[in-house]
Each structure stands twice: as C-alpha cells, then as structure tokens.
Amino acid sequence: MKFKEGCKIFRVQFPIYFIMGVLLLSGFWIFGDDTKEILKAAFFEHFAMKSIVFILSLSMLLSGLFLLTFGTLDFQKKWHSFLYEYIIRPPVDLGIALSSVAFALSSALVFVLLIEGSFQLLPHLFLLIFSFFIIAFAYWSIAFIAVDDKIFEDIKAKRCIGVFIIICVPVLLWMTVPTLTTT
C-alpha cells in the first residue's frame, strides 16, 4: 500500500464525520436531557476505540504471520496476491478508516469546544487527535512492510520482522485493553 492510498482512505472519511460530529454535538444546545443522552451515545459509538485496537492487533498478527511464512510478497504468485488483497489489506483499510472517523469526531469536538469557549480539555484533545494520526500510520506501515522490497530485501530479515510483529501483538493488547472502558 502506498502512503498516498492510506492518506486517501483517511481523507475521504473526514468531511462527513466532521459534519456529523458537529451536528450531533450542536444538538446539546437545542434538545432536552433524554435526547442529549441519545446524541452522546451516537457520538461516542463512532469513536470505536475497541475496534481500532483489536483490528490493529489482528492486522499485525496477520501481516506478521504472512511475513514469517512467506518472507516477502510476490504479486506474481496468485496465493500471495490473494492473501494480501483479501486477508491482510481489508483490516488495514478498515483500521485507517476508523482512525479517520475518530480523528474527524475529535476535531468536531474541538470545534464545538472552541465555539463554546471551553478550553480546559483542548490540550488533551489535541493529543488524542494526534494519536489517531499515529494509529493510522501504524496501520499503513503494516501494509507497507508486507509489500515493500526496498527497505528489507532479505527474506530472513522479513521473517524476523514478522516474528517481531507477532511478539508485539500481545504487548499491544496488554498495554491497551485495560484502558478501554466497557461503558
């Protein structure tokens, strides 16, 4: 996957979810408490932090297993192409899209807070927004490592990277799962 493709996935999601986030959040100024709870649930449902983390783990595991097994992607081999296009790439694309949605909703929240003049949460939200860029980059990197033959040309190096990625999966889950809320 080229970086430009990853950016396109990220960029395409932004406008609609930014507008949706602003509309949902502006409902807090208009509606009563019952409707506010529905709007709040709809807004935070689209953050999908649990999905982002678990899909990232799945993407890492699948690409790591691919690299460990095959070492490198050879588009001339139909089996390799099939595995990349239908097993490795879809969760990566979804992860980038979910990161983009979370970025857009966070941006909408910042926009509404700026209009409201509420500046206390802004430093934390900017950090959160930046983290969605990092997560999207991590997704893109997973797809890039499987395809690229310029950085790591040796099959043994690719297999070592595959092992490293597989080892990182439980570490990622150990670090992130306890921070995910269940509400």
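What the table shows:
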{"quantity": "Trypsin sites (Lys or Arg not before Pro) within segment 26-82, DSSP loop, no more than 14 other Cβ atoms inside 10 Å", "calculated": "77"}
{"quantity": "Quotient of Cα Rg and 2.2 N^0.38 Å for segment 38-88, N being how many residues it contains", "calculated": "1.66"}
{"quantity": "Cα pair distances in segment 39-183, grouped into 5 Å bins until the bin that holds the longest one, percent each", "calculated": "2, 9, 17, 19, 17, 12, 9, 7, 5, 3, 1, 0"}
{"quantity": "Debye, to nearest 20: dipole size of segment 51-183, +1 on Lys, Arg Cβ, -1 on Asp, Glu Cβ", "calculated": "280 debye"}
{"quantity": "Calculated FRET value between residue 26 and residue 124, using beta carbons and R₀ = 30 Å, to 0.05", "calculated": "0.90"}
{"quantity": "Cross-link reach list, aspartates and glutamates versus residue 2, counting only Cα pairs under 15 Å and skipping chain neighbours closer than eight places", "calculated": "85, 93, 148, 149"}
{"quantity": "Proximal lysines to residue 40, defined as alpha-carbon separation beneath 26 angstrom and excluding residues fewer than eight positions away on the same chain", "calculated": "50"}
{"quantity": "Segment 8-126: relative contact order in percent, alpha carbon pairs under 8 Å with at least 6 residues between", "calculated": "46 percent"}
{"quantity": "Value of [θ]222 nm, deg cm²/dmol, for the chain, DSSP H segments ≥ 4, -39500 (n - 2.57) each, nearest 500", "calculated": "-27500 deg cm²/dmol"}
{"quantity": "Full-extension gain in nm, residue 176 to residue 4, via 0.36 nm per residue minus C-alpha separation", "calculated": "59.1 nm"}
{"quantity": "Where N is the number of residues in segment 1-73, Cα Rg divided by 2.2 N^0.38 Å", "calculated": "1.64"}
{"quantity": "Among 53, 162, 132 the positive-end extreme of the charge dipole of the chain (Cβ point charges)", "calculated": "162"}
{"quantity": "Relative contact order for segment 20-89, counting Cα pairs under 8 Å that sit 6 or more residues apart, in percent", "calculated": "21 percent"}
{"quantity": "Note, ³J(HN,Hα) from phi for segment 55-63, Karplus 6.51, -1.76, 1.60, rounded to Hz, x at Gly and Pro", "calculated": "5, 4, 4, 5, 4, 5, 4, 5, 5"}
{"quantity": "Ranking by accessible area, most exposed first, for 79, 174 with a 1.4 Å probe", "calculated": "174, 79"}
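The values are calculated or read from the model by the stated rules, or taken from the named source; none is laboratory data. Only a predicted model underlies this, so the values are computations on that prediction, with no experimental measurement involved. Because the Cβ atoms are built from the backbone with ideal geometry, glycine has one as well, and the counts that use them run over all protein chains shown. Calculation scope for accessible area: heavy atoms of the full protein, side chains included, ligands and nucleic acids excluded. Shrake-Rupley method; radii C 1.70, N 1.55, O 1.52, S 1.80 Å.
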